[in-house]
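Structure first, then comments.
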Amino acid sequence: MSRVLFGIDQVLTTPGLLGGRLGLVTNDAARTALDAQVRSRVALQRAGFKLVRLFSPEHGLGANAADGAAVDDGIDTLTGLPVVSLYGERMRPPRETLADLDAVVFDIPDIGARFYTYIWTLWHVLEACAEAVVPLVVLDRPNPLGGDLAAVEGPILDVARFGSFVGRAAIPIRHSVTVGELARLWNAERKLHANLQVVPCCGWTRAMHWPDTGLPFVQTSPAIASYESALLYPGLCLFEATNLSVGRGTELSFQAIGAPWLNAAEVARAFNALGLPGVRAEATTFTPLSPPHAGGGCQAVGLRVTAPDVSRPVRTGLHLLAAVIALHREHFQWARYPTAANPTGEAHFERLVGQAGLRELLEKNPPDFRQQVEARISAPDWAERVRDTLLYA
């Protein structure tokens, strides 16, 4: 058995941590470490906790709705409880859905990237609970990319210009903290004075990536079915704002990028010539199930992480993007990416990368491009900002 337990496992095995009428923010990806087949909400209900209603993030309670698709309210077939969607007509719980609760519990796994929207559901729930004076209990989970603050990668989000539902706060793309630590940071920095409790993991340390936990990786959303996809997601998600596919619906989802016109072998050679630590590129193929190029065969560049501790996915994504642009100026295009949170899909790249000027830098690819990338992904103040909110050594 793994020596790592989640916050939900602590609640299930420690009497008195939760009580009263509870609302639960969760989805099907939230399982227990004691039994990965058991969903958190089912475990809590079986243990006698008084769950009143559920709240679901992007991708819905089943964690299987299409990326960016609005999700309706509903009834959970497993527990019989009403489900309030927090991704569609609303992004935060209405006050009336909190009024009869003694506490709101948040239990959703994150993958450690700023633009993975589950953390912004937490942001809105924290704000709503503070305003309604309802306690919030975050059941913490490991960051699957580890908690090494030396591995943090910016840019830090320019909230004033590019704040959106893929980024509400000035944090780096790869943040290397847990959802519980983020909640503590936001409660302190924003002076929300929320009645916040974080139930920590047991046995997890900052040096541990997901495989080190010894636990199976549970698919967190349709396109993140493996640790390998999560590990590359902070960089390859930038391709969502282009006319290349990220392999959605394939075994290479967020582990490769492709298009019918891509000279994959040439791009892979150019990328490998950079000698970026911990990652290698190779030519492959895939047929994505989602646009762009849905149902069409694509030449693709797959990435293989050889040393997770030293690989840097944001750096990787920016260099791969620059190589594609340089070698395919006649085919490459920036693209809109419409979602329920951004119906026009405009400025998606800037919302993802978080700062102005990166698009132009990628297109120009000047001789000092590598140095400029390093400067852009630096986040020197982050470790100091989070120091007082950290829960793990």
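Values in this text are rule-based calculations from the coordinates and carry no lab data. Every value quoted in this text rests on a predicted model; they were computed, and no experiment measured them. Positions of Cβ are generated from backbone atoms using ideal geometry, with glycine treated the same way; all protein chains shown enter the neighbour counts.
For GLU153, neighbours were defined as the other residues whose beta-carbon sits under 9 Å from its Cβ, and their charges (Lys and Arg +1, Asp and Glu -1) total +3.
If you fit an axis through the alpha-carbon atoms of helix 227-236 and take the longest principal axis of the Cα set of the chain, what angle between them do you get, 0 to 90°, nearest 10? Approximately 60 degrees, to the nearest 10.
As a length-normalised measure over Cα pairs under 8 Å and 6 or more apart, the relative contact order of the chain settles at 16 percent. Can you give the net charge of the other residues whose Cβ lies under 10 Å from the Cβ of GLY7, counting K and R as +1 and D and E as -1? Counting the neighbours of GLY7, the net charge comes to -2.
For segment 123-202, trypsin sites (Lys or Arg not before Pro) meeting the loop criterion (DSSP other than H, G, I, E, B) and having at most 16 other Cβ atoms within 10 Å: ARG190, LYS191. For segment 360-393, the residues whose backbone nitrogen is under 16 Å from a point 7 Å from the Cα of THR205, taken along Cα to Cβ, are 391-393.
Multiplying the residue separation of GLU251 and ARG3 by 0.36 nm and removing their Cα-Cα distance gives an extension gain of 86.4 nm.
Normalising the average separation of contacting C-alpha pairs (under 8 angstrom, six or more residues apart) by the number of residues puts the relative contact order of segment 152-192 at 38 percent. Between VAL198 and VAL138, the built amide H atoms are under 5 Å apart, and every one of these is 5 or more places off in sequence or on another chain.
As a length-normalised measure over Cα pairs under 8 Å and 6 or more apart, the relative contact order of segment 227-376 settles at 24 percent.
Stretch ALA294-GLU189 to full length: gain in nm at 0.36 nm per residue minus the Cα-Cα span? Fully extending the segment from ALA294 to GLU189 adds 33.5 nm. Compared with the dominant principal axis of the Cα atoms in the chain, helix 313-327 is inclined by about 30°.
Counted by neighbouring Cβ atoms within 10 Å, the residues ILE224, ILE173 run from fewest to most as ILE224, ILE173.
Placing +1 on each Lys and Arg Cβ and -1 on each Asp and Glu Cβ, with no other charges, gives segment 317-386 a dipole about its Cα centre of roughly 140 debye. Computed from Cα atoms, the angle from the helix 179-189 axis to the main principal axis of the chain rounds to 80 degrees.
Between LYS364 and SER378, the modelled label-to-label distance comes to 1.8 nm, taking each label 7 Å out from Cα in the direction of the beta carbon. Under 5 Å between amide hydrogens, built in the peptide plane, is the criterion, and for ALA29 it picks out nothing among residues at least 5 positions away or on other chains. Here is the list for segment 268-365: GluC sites (Glu not before Pro) lying in DSSP coil, each with at most 10 other C-beta atoms within 10 angstrom of its C-beta, are GLU330. Among ILE108, ILE257, ILE75, the ranking by other beta carbons within 10 Å of each residue's beta carbon, starting with the fewest, stands as ILE75, ILE108, ILE257. At full extension, ALA66 and ARG336 could sit 95.5 nm farther apart than now, given 0.36 nm per residue minus the alpha carbon distance. Positive contributions from Lys and Arg (+1) and negative ones from Asp and Glu (-1), summed over other residues with Cβ under 12 Å from the Cβ of GLY163, come out at +2.
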